[in-house]
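Comments concern the structure below.
Each reported figure results from applying straightforward, stated rules to the coordinates on display, with no laboratory input. Just so it is clear, the structure is predicted and the values come from calculations on it, not from any experiment. Because the Cβ atoms are built from the backbone with ideal geometry, glycine has one as well, and the counts that use them run over all protein chains shown.
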């Protein structure tokens, strides 16, 4: 390392500045625009570098890292086609409110005939991401810091645009490198809080709902305290699943995935306190769960997102502090508890016993098993503490119902943009970020093939503790359903047969092809005795899938 800042080349200065911006994992596919920055990052052991085989999976891996850690994901790609390759991943992060910085090379401004030249700002804008230009060597670290601040504070993807012709310029001695500041919000107070407390005081059957914005230890403790004081059931959105694991009044997910007891409790409630939840149509069942109820929504900031629904009253402030303020107001006003949870623990315990029974994984057709009981059986064979990544397809709601996680950070949601094929990339990010438990990917055969089988070598090279379950019905499920519903021939929706078990075995996976109850037993044994990545090819009948 050189003695003075003026001897440092810009590419090396950028690599070192990643550390000051909190980067511990860098996901990349080395191109000529970022080659020497990545080399510095690796040679100086600044953080962990994970190389992928396709740019889309590079950015998706950074998204998986962000979802499981709560920190900003960082990816590096080159210019032109590399950027166009990641547009879907950028849109996924933008729709999901996921903090992400993509370090992207750019061509020299005057090189009009460069094969990879494109208006990168316009490409980024089309995906809904933010764009920060590296203006000069003098401002490079300041610009990089701005990209990280925007990503963290606005919870969005930011493309940091780096011109390749500047990378070998000297980094000025005065170049700033500021740490990322914390965001701080105060609890809600004043008239709005008192109005909300008035609604709560008059409620006979209150319900507390927590979303991903309430998934901190402090918020969890404050919401449980409020629940106990109010005697109000606790529910979560899908993406906050597991937040109240082990609590006797936890009814689980609110929305289309609610179990029968939860549905009854939600429908009977008359006031919902929604902490850190956008109240999307999936959580409210197209407003069926909120109709005729007073709904108080507490959000940590005023950032808009397309999933926000209109509550009776919206408060902006610190989640944990506001929950504690509600508890204090109830104590000061001597408001009695509701009694709404008197019989609830017994009902929930009975339902939990039913779920825990070992299901009968019967064969539903020649060479095919019944999806729901097979997934439940695999759920029981897996460690209770594991990360779950779900690709998108008609199988996905069955997976969410039958393979629950025990903490919100262990659910990686890949469906913000409605694209299949995002699961494998996000699995790489999750598995390399979280190493104290296995990562489980459940994907359809169509989405798994789309994600690029070559990327499996990344998981093998990283020695990742990964279990992949393919719901293989030999079709593109959504299209198969549409054709079936209109009594049309489904042939066009079918996928050419891929022997995933045989194919993935050649890439270094242990594999099991599940076609009957006996081979399902083999799959459960493979999970228990795994020494590396495992792939389970779950054969399903496309005509007999009950969603």
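Explain nothing, just the number: relative contact order of the stretch 5-166, from Cα pairs under 8 Å at least 6 residues apart, as a whole percent.
24
FRET efficiency for residue 313 and residue 173, Cβ-Cβ distance as r, R0 = 60 Å, nearest 0.05?
0.65
Inverting the mean 1/r over all pairs of different Cα atoms, compute the Kirkwood radius of the stretch 404-533 and quote it in Å.
After inverting the mean inverse Cα-Cα distance, the result is 16.0 Å.
Please give the peptides 505-518, 115-128 ranked by average Cβ packing (other Cβ atoms within 10 Å per residue), highest first, as a rough proxy for protection.
Ranking, from highest mean packing down: 505-518, 115-128.
Give the peptides 392-404, 88-100, 217-229 in descending order of average Cβ contacts within 10 Å, highest first. Don't skip to the end; give the middle numbers.
Details: 392-404: 21.3, 88-100: 23.7, 217-229: 19.2.
In descending order of packing, they fall as 88-100, 392-404, 217-229.
Percent antiparallel among DSSP beta bridges with both residues in the chain, to the nearest 5?
5
Any idea how far apart residue 353 and residue 146 come out in nm if each label point goes 7 Å out from Cα toward Cβ?
Roughly 6.3 nm, to one decimal.
For Cα pairs less than 8 Å apart in space and 6+ apart in sequence, what is the mean separation divided by the residue count of the chain, i.e. the relative contact order in percent?
That works out to 13 percent.
Please report the relative contact order for the stretch 358-539, taking Cα pairs under 8 Å with a sequence separation of at least 6, and give it as a percent rounded to a whole number.
RCO, the stretch 358-539: 24 percent.
Based on the Cβ-Cβ distance from residue 264 to residue 457, what FRET efficiency comes out when R0 is 56 Å, to the nearest 0.05?
Working: r = 49 Å, r/R0 = 0.87.
After rounding to 0.05, the efficiency reads 0.70.
Among 279, 192, which comes first, second and so on when ranked by fewest other beta-carbon atoms within 10 Å?
Lowest to highest Cβ neighbour count: 192, 279.
What's the whole-number percent of alpha carbon pairs in the stretch 5-166 lying beyond 20 angstrom?
43
Quote to one decimal, in nm, the extra length available between residue 195 and residue 342 on full extension: 0.36 nm per residue of separation minus the C-alpha distance between them. Numbers along the way, then the final one.
On the way: separation 147, 0.36 × 147 = 52.92 nm, distance 2.69 nm.
Gain on extension, residue 195 to residue 342, equals 50.2 nm.
State the Cα centre-to-centre distance between the stretch 330-352 and the stretch 22-85 in whole Å.
Cα centroid of the stretch 330-352 versus Cα centroid of the stretch 22-85: 48 Å apart.
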